[in-house]
Amino acid sequence: MKNVYDIVKRPVITEQSMESVADKKYVFMVDVDANKTEIKAAIEEIFGVKVAKVNTIRMMGKMKRNGAYPAGRRASYKKAVVTLTADSKTIEFFEGMV
């Protein structure tokens, strides 16, 4: 069984994700093998909020080069956009960043 901290790795802090905090939408980087119900349960347990909806997307790693020969790829990952219910409290971690 997975630990909740193995499912939710870290928040994604970008301009676009911070604009959606006003609508109670939060973006997290999650485990590639985690499904929506596991992500919902993990967010509710970690932050003590009520989750209304979870949208996920698989992000392919970008190709990167350092000169001509050693071409490589960044790691692929999975993002989850978590929408909270209207009567739920906000996540305090994101309070000072907006």
Amide proton proximity set for Val12, modelled H, under 5 Å, gap of 5+: Val27, Phe28, Met29
Å³ per residue enclosed by the Cα convex hull of the chain: 114 Å³
Hey, what number do you get for the chain at 222 nm if only DSSP H runs of n ≥ 4 count, each worth -39500 (n - 2.57), divided across all residues, to the nearest 500? -5500 deg cm²/dmol
Can you run phi through the Karplus equation (6.51, -1.76, 1.60; θ = phi - 60°) for region 14-31 and list ³J(HN,Hα) in whole Hz, with x for Gly and Pro? 9, 4, 5, 6, 6, 5, 7, 5, 5, 8, 6, 10, 10, 10, 10, 8, 10, 5
With a Förster radius of 35 Å, plug the Cβ-Cβ distance of Arg65 and Arg10 into 1/(1 + (r/R0)^6) and report the FRET value to the nearest 0.05. 0.85
Residues with amide H under 5 Å from that of Ile91, placed H, sequence gap 5 or more: none
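If each residue of separation counts as 0.36 nm, what is the full-extension length gain between Thr85 and Asn35 once their alpha-carbon separation is subtracted? Please report the intermediate quantities before stating the final value.
Details: separation 50, 0.36 × 50 = 18.00 nm, distance 1.96 nm.
In short, 16.0 nm is gained.
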Please compute the modelled spin-label separation between Lys2 and Ala75, points set 7 Å along Cα→Cβ, answer in nm with one decimal. 1.4 nm
Express the relative contact order of region 23-94 as a whole percentage, based on alpha carbon pairs under 8 Å and six or more residues apart in sequence. 43 percent
For Asn55 and Lys25, compute 0.36 nm times the residue count separating them, minus their Cα-Cα distance, and round to one decimal in nm. 9.8 nm
Working from Cα positions, state the angle (0 to 90°, nearest 10) between the long axis of helix 36-47 and the longest principal axis of the chain. 70 degrees
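Only the coordinates and a few stated rules stand behind these numbers; no lab work does. Since the structure is predicted, the reported quantities are computational estimates derived from the model, not experimental observations. When we count neighbours, we look across all protein chains shown, and the Cβ atoms used for this are built from the backbone with ideal geometry, even at glycine.
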